[in-house]
Each structure stands twice: as structure tokens, then as C-alpha cells.
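The values are calculated or read from the model by the stated rules, or taken from the named source; none is laboratory data. Just so it is clear, the model here is predicted, and its values are computed rather than measured. Please note: Cβ atoms are built from the backbone with ideal geometry, for glycine as well, and neighbour counts cover all protein chains shown. Heavy atoms of the whole protein, side chains included, go into the accessibility calculation; ligands, DNA and RNA do not. Shrake-Rupley method; radii C 1.70, N 1.55, O 1.52, S 1.80 Å.
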Amino acid sequence: MENIIIAVDGPAGAGKSTIAKIIAKRLNINYIDTGAMYRAVALSAKRNNIKTTEIDSLMNMIDKMEMHFENDDLILNGVNIQDEITLPEISEIVSQYASIPEVRSKLVVLQRKMSEKYNVIMDGRDIGTTILPNAEVKIYLTASADTRAKRRALEYEQKGESFDLDQIRKDIIERDERDMNREISPLKQADDAVLVDSSEMGIDQVVDAILDVYNKKIQK
Ligand code: DC
């Protein structure tokens, strides 16, 4: 039987990882968070003091990175780095590394390999368009900038951290701008992706909508 492949793309804060994790559990398949892999590159570069212009050093660094997921956490060379890669200081620099063509070429290979071995739901920005163009289920999950900013603010509130809603909204819009307008593999809805706008939807509704798309596909 062919592997199950579900591609979920969309802007930052649309809820891709929350939804993809739930669907992975429901279907008993693996969740691959490609954003986490770009974050791991940014973290390693920061630790080793490698700038975005030092392409050879970056390539050598990536060649030494063994990445896999355990219980949805990213393990880098045997160490769980999930908490570190989600720190704001990594969020701030990651898109600079993610826009380097050579970095993307390396990660494309790793991400495709993961989908060959396992049944996966993979989320990111370019999964349906570039990484897995043959995925049978493609979802473009989005939400208004306002909704996404409010969701992020709620996360800060729950962690007891201070925040500025206007600043969060501004950061989200800027990040969308960068992700949608970079030269290589910009964030874009694949022609055959199903658009799900979660602005007015709860988590369960989004999960059900995506499972509905999946069930209809596999019945065909
Ligand atoms: O989804 P995230 O916030 O963890 O993604 C981190 C960064 O990596 C973000 O700037 C977009 C980028 N990214 C990408 O360019 N391609 C992907 N497939 C996944 C993430």
C-alpha cells in the first residue's frame, strides 16, 4: 500500500502544528514539523556563530545534523531541542536562514526521505507545492492576521508572559510578507490544495474539516 501523505501549508500562527498533531494521533501516522527543522538550522548556526552569508560553513553544519522526531519533539544529534527552537530569539532569525536556497535544498532532501519511510502529515510553507507535490491530500490552512495575533497573545497570556497585541500583529504581517515574497519556494497555496480558513472555526471544526477532505480522497 502506498504511504499516506497529508501536506498542510499556511502562514505562521494559522494553527498548522496544533491541528497536524491531532490528526496524526487520530490516523496513527507521523507528524513532521518542517518549520522545526528550519529552526534547528537557525539554532545550530547561532550556537556556532555562522552567519547567513557563510554558505559553505552552513552546508557543513547541516551535513552533521541528524534530525528526527520523537513524540512530536525534534531530536538533533540525540538531544531534544524542542524548547530551544521555539524561543523568540530563534523565531526572530529563522526566516533569514529559511530563505537561503542552499539550506532549502538540503532540507528538501531530508523531508522527502521522511515521507518515503513513513505515513506522514507534514506541515510547512512549501509542502504541497515543492516538497511533496504528489501528496494526495493538500490543505492550505489560513486565518486572518487579527485572529492569528489574538491566538498568539493567548499563548503568551497562558504562559504568564507580557505581550503587545499590536506588535504581535505587526510581526505576523511582516513574517507573512517575507515568507510569501522570498524568491525560493514562497508560501503559496498549491493549485490542488483545499483552502481552510480557520478564522471563525474552533480546533475540532478544523480537524473535522481536514479529516473530511482526507476521507473523501481515500474513498475514491
Ligand atoms: O512554522 P514555523 O514558524 O516553525 O517556521 C519557522 C520558519 O521557517 C518560518 O520563517 C517559515 C520557515 N519555513 C519555511 O520556509 N518552509 C517550511 N516548509 C517551513 C517553515
Within the chain, percent of DSSP bridges classed antiparallel, to nearest 5: 25 percent
What FRET efficiency comes out for the pair Asp73/Leu211, r = Cβ-Cβ distance, R0 = 22 Å, nearest 0.05? 0.35
Which order do peptides 149-156, 177-184 fall in by mean Cβ count within 10 Å, highest first? 149-156, 177-184
Please state the charge dipole magnitude for the chain, taken about the Cα centre, from unit charges on C-beta atoms (+1 on K and R, -1 on D and E), reported in debye and rounded to the nearest 20. 400 debye
Under 16 Å from the Cα of Lys51 - aspartates and glutamates, other chains or at least 8 residues apart: Glu89, Glu92, Glu102
Over the stretch 93-203, give the accessible area per residue in Å² for a 1.4 Å probe, as an integer. 54 Å²
Taking all protein chains in place and a 1.4 Å probe, what share, in percent, of the accessible surface of the chain do carbon and sulfur account for? 47 percent
Measuring from label point to label point, each 7 Å out along Cα→Cβ, what is the Arg26 to Glu200 span in nm? 2.1 nm
Compute the projected area of the convex hull of the Cα atoms of the chain, averaged over all viewing directions, and report it in nm² to one decimal place. 12.1 nm²
Using 24 Å as the Cα-Cα cut-off, could you pick out the over-long pairs in Lys21/Lys117; Lys16/Lys170; Lys113/Lys150; Lys138/Lys188; Lys117/Lys138; Lys21/Lys138? Lys113/Lys150
If you average the alpha carbon positions of the stretch 168-220 and of the stretch 107-121, how far apart do those two centres end up, in angstrom? 20 Å
Nearest 500 deg cm²/dmol is fine: what mean residue ellipticity at 222 nm does the chain get from its DSSP H runs of n ≥ 4 alone, each adding -39,500 (n - 2.57), divided by its residue count? -16500 deg cm²/dmol
Neighbour net charge for Arg26 - beta-carbon separation under 13 angstrom, K R +1, D E -1: -1
